[in-house]
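The values are calculated or read from the model by the stated rules, or taken from the named source; none is laboratory data. For clarity, every value in this text was computed on a predicted model and none was experimentally measured. Reconstructed Cβ throughout: ideal geometry from the backbone, glycine too, with neighbour counts over all protein chains shown.
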Amino acid sequence: MISRLYDFMPGLNTLLHYERKWFADDVRAALSVAAVALPVAIAYAQLTGVNAAVGLYSCILPMILYALFGTSRQLIVGPDAATCAVIAAVVTPLAAGDSFKHWQLVVTMTAMTGFWCFIASRFKLGVLADFLSKPILMGLLNGVAITIIVGQFSKILGFTFDEKYLLERLAAIPTYLSHTHIPTLLMTFFTIAVYFTMKRLKPTWPASMFAIAFGAILVWLFNLKQFDINTIGTVTGGLPVFHLPVYDFGIIRELVVPALNLAIVSFVSMMLTARSFAAKNGYDIDADKEFRALGIANIGSALSQGFAVSGADSRTAVNDDSGGKTQLVSIIAAGIIAIIALFLTAPLEFIPSAALGVVLIIASIHLLDLKAVWQLKRKDKHAFYLALATLFAVLFIGVIPGITLAVLLGLFQFIRTVMRPTDNVLGVDVKGVVRSLDTTDKAKAVQGVFIYRFNSPLTYFNAGYFKRRLLEQYARQKDDTQTQCVIIDAVPCFTHLDLSVMAMLADLDMIFKKRDIRLELAGRKRQLLTWFEIAGMTTGKEGIYIHSDLYVALRKNSVSQPIKQVDLFEESQIAP
């Protein structure tokens with residue numbers, strides 16, 4: 001019973017077996033994390049279009065829940081630039097200017113995102129961590145970063161964009177520059193100066209917090225609101241209050257697909273962070289449990305009237321740099337933020353919007369890495385084009401369509417790999433080891449035998465390609481008059497029963513029989529015998545021969561080359 005509880009709540013196991021020597025490091029890390037999380041949560045709340053208190057709520061319960069259900073000891077969950085930009089892009093047009101409806105739609109989308117994550121975990125879809133390739137994610141995050149940066153120009157210069165889309169905003173910026181609000185611009189310069197001064201003098205201190213705090217103090221001391229400097233306004237503290245939805249439930253249909261996209265992108269981004277810090281600290285994480293933990297954290301955020309969260313790479317880095325050892329860091333940091341959210345929200349109303357704009361732009365610049373995208377051109381052109389396509393999609397057609405395209409690109413990339421994989425003609429080297437035939441002449445073709453390997457699972461949509469490639473490769477032989485049998489390496493390609501594949505095999509068998517050539521399969525003997533029986537196909541002399549592995553197949557065909565005796569594990573490691 002206890003083991004099952006620990007399996008469901010991995011963090012609980014660590015906390016119940018906590019060692020006292022970790023406490024000082026965890027407290028120090030928690031203070032640092034809270035100091036960084038506070039200004040970021042407030043800034044991202046503004047980016048999402050909700051009250052600053054909602055940003056604080058989005059940190060408290062999700063951090064505690066992840067500490068209990070997550071498998072990473074260092075990962076900090078919380079508001080993230082990409083997730084907030086996605087939510088704002090979806091909810092803003094649906095809310096049509098109604099701030100209360102906007103907030104409720106944000107909470108609803110957050111709950112739906114958590115639901116999708118939880119369902120994915122139940123179906124063991126943690127493999128989706130590898131679904132969006134790194135190039136696609138790079139293009140996506142760079143596109144989101146540029147979108148956020150352009151969007152914050154209005155905050156730091158003191159005007160309001162009338163345009164909805166990025167390209168129109170960029171085109172209109174020269175016109176808007178003439179409407180720059182000088183007091184707001186001066187506040188922007190002051191915030192930047194404080195930020196970089198703190199970075200220079202005290203690199204380990206939370207520069208964002210000091211920049212925002214000094215800006216708020218300046219507004220309070222000199223009553224800068226009289227100069228029309230915008231602030232975040234009144235922040236309602238206390239416990240979050242649940243409100244019944246006031247919108248038409250039919251609008252939820254508009255959130256289903258965006259919430260699914262957000263769940264996938266948030267999970268993939270979180271896993272990149274979690275895996276890198278787990279590898280650095282010498283432990284493993286469980287992708288399926290991480291999916292569940294992310295789902296529970298988002299559902300917890302929705303119940304506490306917050307917005308969607310993901311793995312926060314900057315706060316995780318602060319935690320690791322500060323020496324955080326366990327999930328207790330999240331719990332202590334959440335407690336600090338909770339105290340502020342409950343009792344100390346009054347000073348927050350003086351925070352200038354320009355200061356938050358600066359913090360968001362700096363955070364987005366850290367997210368921006370166009371150099372890495374360009375470097376892909378030299379390393380892998382296909383990866384470069386994928387990243388570029390995703391980047392331009394986000395910039396030209398919007399964040400949500402861009403994410404949808406990124407998901408589709410990931411799917412198409414996988415399908416293309418499965419449908420058109422590499423293949424090999426195999427031979428035997430001087431030591432009797434089966435390996436691929438290539439220009440090095442390390443292996444020679446086996447006299448009288450043609451051996452073929454298809455490097456992808458066979459299914460209905462690539463069965464025709466398999467058949468065509470096998471016949472093409474066979475036709476390239478210099479002399480096929482002495483061929484007695486064709487052997488297919490069944491290990492990499494026969495992974496599941498597919499009746500279309502079995503029908504294709506029957507066609508191949510008929511083609512080769514007309515040439516008086518035997519068709520044989522090597523590997524997965526028990527599975528194949530069962531599948532042949534289900535498909536009503538014959539084996540052996542009247543049908544297709546099936547052997548336990550390639551080496552058995554070669555020995556039974558009495559080849560003249562020496563064949564090394566290996567076990568099934570070695571067979572799976574056939575040299576390329």
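When region 448-465 is filtered for residues that are over 14 Å from V425 (Cβ atoms) and either part of a helix (DSSP H, G or I) or of a type outside the set (F, W, Y) (or both), the ones remaining, listed by number, are G448, S456, P457, L458, T459, N462, A463, G464, Y465. Taking the criterion of being in contact (Cβ under 8 Å) with a residue 24 or more places away in the chain and either hydrophobic (A, V, I, L, M, F, W, C) or assigned to a helix (DSSP H, G or I) (or both), would at least one residue in region 169-176 satisfy it? No, the conditions are met nowhere in region 169-176. Residues in region 126-143 that are more than 15 Å from A393 (Cβ to Cβ) and not small (G, A, S) were compared, and the one that is modelled with the lowest pLDDT is F131.
Scanning region 188-198 for residues that are surrounded by 16 or more Cβ atoms within 10 Å (Cβ to Cβ) and not hydroxyl-bearing (S, T, Y) returns F190, I192, V194, M198. Evaluated against (1) in a loop (DSSP other than H, G, I, E, B); (2) surrounded by 13 or more Cβ atoms within 10 Å (Cβ to Cβ), D162 falls short on exactly one condition, (2).
For region 366-391, filtering for residues that are closer than 22 Å to A171 by Cβ and in a helix (DSSP H, G or I) leaves 3. When Q327, Q305 are screened for being in contact (Cβ under 8 Å) with a residue 40 or more places away in the chain and on the phi > 0 side of the Ramachandran plot, only Q305 passes.
Where helices (runs of 4 or more DSSP H) sit wholly within region 1-120, none has at least 1 residues that are in contact with a Cys (Cβ under 8 Å, 6 or more places away or on another chain), crowded, with 24+ Cβ neighbours inside 10 Å and not assigned by TED's automatic domain parsing to the domain that holds Q327.
Filtering region 392-423 down to residues that are outside any helix (DSSP H, G or I) and in contact with a helix residue (DSSP H, G or I) (Cβ under 9 Å, 6 or more places away or on another chain), which residue is farthest from W374 (Cα to Cα)? Checked region 392-423; the qualifying residue farthest from W374 (Cα to Cα) is D423. Might you check whether a residue that is part of a loop (DSSP other than H, G, I, E, B) and under 17 Å from M9 (Cβ atoms) occurs anywhere in region 290-300? Scanning region 290-300 turns up no residue that is part of a loop (DSSP other than H, G, I, E, B) and under 17 Å from M9 (Cβ atoms). Of all the residues in region 386-403, those that are surrounded by fewer than 22 Cβ atoms within 10 Å (Cβ to Cβ) and either over 14 Å from V265 (Cα atoms) or not assigned by TED's automatic domain parsing to the domain that holds A82 (or both) number 7. Give region 474-523 a look and list any residue that's in contact with a Gly (Cβ under 8 Å, 6 or more places away or on another chain) and either closer than 11 Å to I544 by Cα or not in a loop (DSSP other than H, G, I, E, B) (or both), or say none. C485, D489, M504, D509, listed by residue number.
Which one of these is hydroxyl-bearing (S, T, Y) and at pLDDT below 85: S572, S548?
Unique residue meeting the criteria: S572.
Number of residues in region 223-265 that are surrounded by 11 or more Cβ atoms within 10 Å (Cβ to Cβ) and in a helix (DSSP H, G or I): the value is 17.
Residues of region 307-323 include none that is part of a helix (DSSP H, G or I), more than 24 Å from L367 (Cα to Cα) and in the same structural domain as I365 (by TED's automatic domain parsing).
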